[in-house]
1. If only one of Val220, Val162, Val174 is in contact with a Gly (Cβ under 8 Å, 6 or more places away or on another chain) and either buried (at least 22 other Cβ atoms within 10 Å of the Cβ) or modelled with pLDDT of 95 or more (or both), which one is it?
2. If I go through region 92-134 residue by residue, how many of them are in a helix (DSSP H, G or I) and at pLDDT 90 or above?
3. I'd like the full set of residues that are open to solvent by 40 Å² or more (accessible area, probe 1.4 Å) and modelled with pLDDT of 90 or more, limited to region 71-91.
4. Is there a residue being touching a residue at least 12 places away in the same chain (Cβ under 8 Å), farther than 29 Å from Thr86 by Cα and part of a loop (DSSP other than H, G, I, E, B) anywhere in region 199-221?
5. With the checklist (1) loosely packed, with under 15 Cβ neighbours inside 10 Å; (2) without any contact (Cβ under 8 Å) to a residue 12 or more places away in the chain in hand, flag the one item Asp116 doesn't pass.
6. Consider Asp175 against the criteria (1) farther than 25 Å from Leu236 by Cα; (2) touching a helix residue (DSSP H, G or I) at 6+ places or on another chain (Cβ under 6 Å): it satisfies all of them except one. Which criterion is unmet?
7. Taking the conditions exactly as written (open to solvent by 50 Å² or more (accessible area, probe 1.4 Å), in a helix (DSSP H, G or I) and farther than 25 Å from Lys36 by Cβ), does Asn149 satisfy them or not?
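The values are calculated or read from the model by the stated rules, or taken from the named source; none is laboratory data. Just so you know, these numbers come straight off a predicted model, no measurement behind them. As a convention, Cβ positions derive from the backbone with ideal geometry for all residues, glycine included, and neighbour counts pool all protein chains shown. Accessible surface is based on the protein model in full, side chains and every heavy atom, while ligands, DNA and RNA are left aside. Shrake-Rupley method; radii C 1.70, N 1.55, O 1.52, S 1.80 Å.
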Amino acid sequence: MMKIHTVALVAALCFSSQAFAEVSLTTGAGYANMAKELAKAFSATSGNKVTENFGGNIGQMMAQIANGNGANVVISDEGTLKSLKTPVQLTDIHSLGNTPLVFIWKKGLNLKGVSDLGTDKVKQFAYPDPKAAIYGRAAQQYLDNLGPNTVTKDKVMKIASVPQVTAYVVKGEVDAGFVNRTATRANKEKIGGSEELTKGYAPIHMIAAVVKGHEGDKNVQQFLAFLQSEQAKKILMKHGIQ
């Protein structure tokens with residue numbers, strides 16, 4: 001009888017621990033600042049702590065979840081999450097909105113926009129690695145749709161992530177690059193100009209999803225509800241998601 005009571009008590013404690021487990025949030029490097037703002041706002045309004053698991057592209061972060069880093073909520077674009085080969089299962093998916101691919105160029109360079117990409121004005125440009133970042137895949141699709149002779153291969157540089165592409169443009173190490181709204185808005189005083197691209201690639205749809213097994217975590221559900229609030233929508237819109 002004592003063993004039954006002990007087992008029942010342990011089970012109850014485990015259920016209670018899971019039900020009130022804190023939110024552990026992850027996203028790719030390109031949306032780390034946005035995720036941090038969301039986490040901070042949620043903590044301020046709910047009093048619940050959010051553990052931040054950021055560091056690399058979303059593929060790397062999903063690998064860390066598979067290795068047991070404890071993240072229970074993922075924010076990323078739907079296309080990338082579907083394309084990743086990972087044992088991590090996601091459920092309870094919530095739409096956050098869409099966001100565009102953006103073409104930016106360095107200060108001092110006089111461009112009309114992406115239409116100048118194939119001209120001598122742009123000696124070299126960069127975009128994120130298509131294997132690791134949605135904006136890399138979007139840029140690759142966009143370039144493919146321009147036609148095979150529009151841009152020569154010697155102009156192209158593939159870099160790991162959106163923040164790195166942005167840094168290259170800001171420092172003038174490349175003439176231009178393909179990034180997202182978040183990076184563009186955060187660096188608007190440091191770049192020469194930008195153009196949002198709405199066609200030529202598959203739509204980029206951002207979502208929040210729960211790592212399977214954490215659907216019953218009350219704090220996780222509170223966080224998902226917060227993401228639909230006006231306060232969260234303002235943060236998302238600030239970072240280019242609407």
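1. Values: Val220 fails: in contact with a Gly (Cβ under 8 Å, 6 or more places away or on another chain); Val174 fails: in contact with a Gly (Cβ under 8 Å, 6 or more places away or on another chain).
Criteria check complete, one pass: Val162.
2. In the first step, residues of region 92-134 are kept if they are in a helix (DSSP H, G or I); the result is 114-116, 134.
This time we only want the ones that are at pLDDT 90 or above, so: 114-116.
Looking only at that region, the number is 3.
3. Passing the criteria: Glu78, Thr86, Pro87, Gln89, Leu90, Thr91.
4. no
5. Only one criterion in (1) loosely packed, with under 15 Cβ neighbours inside 10 Å; (2) without any contact (Cβ under 8 Å) to a residue 12 or more places away in the chain is unmet by Asp116, namely (1).
6. Unmet for Asp175, out of (1) farther than 25 Å from Leu236 by Cα; (2) touching a helix residue (DSSP H, G or I) at 6+ places or on another chain (Cβ under 6 Å): (2).
7. Numbers: open to solvent by 50 Å² or more (accessible area, probe 1.4 Å): yes; in a helix (DSSP H, G or I): no; farther than 25 Å from Lys36 by Cβ: yes.
Answer is no for this residue.
Conditions tested, residue by residue: (1) of a type outside the set (Ser, Thr, Tyr); (2) under 30 Å from Lys85 (Cβ atoms).
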| site | (1), (2) |
| --- | --- |
| Asp116 | yes, no |
| Lys123 | yes, no |
| Ile134 | yes, yes |
| Leu143 | yes, yes |
| Asp154 | yes, no |
| Ser161 | no, yes |
| Gln164 | yes, yes |
| Gly172 | yes, no |
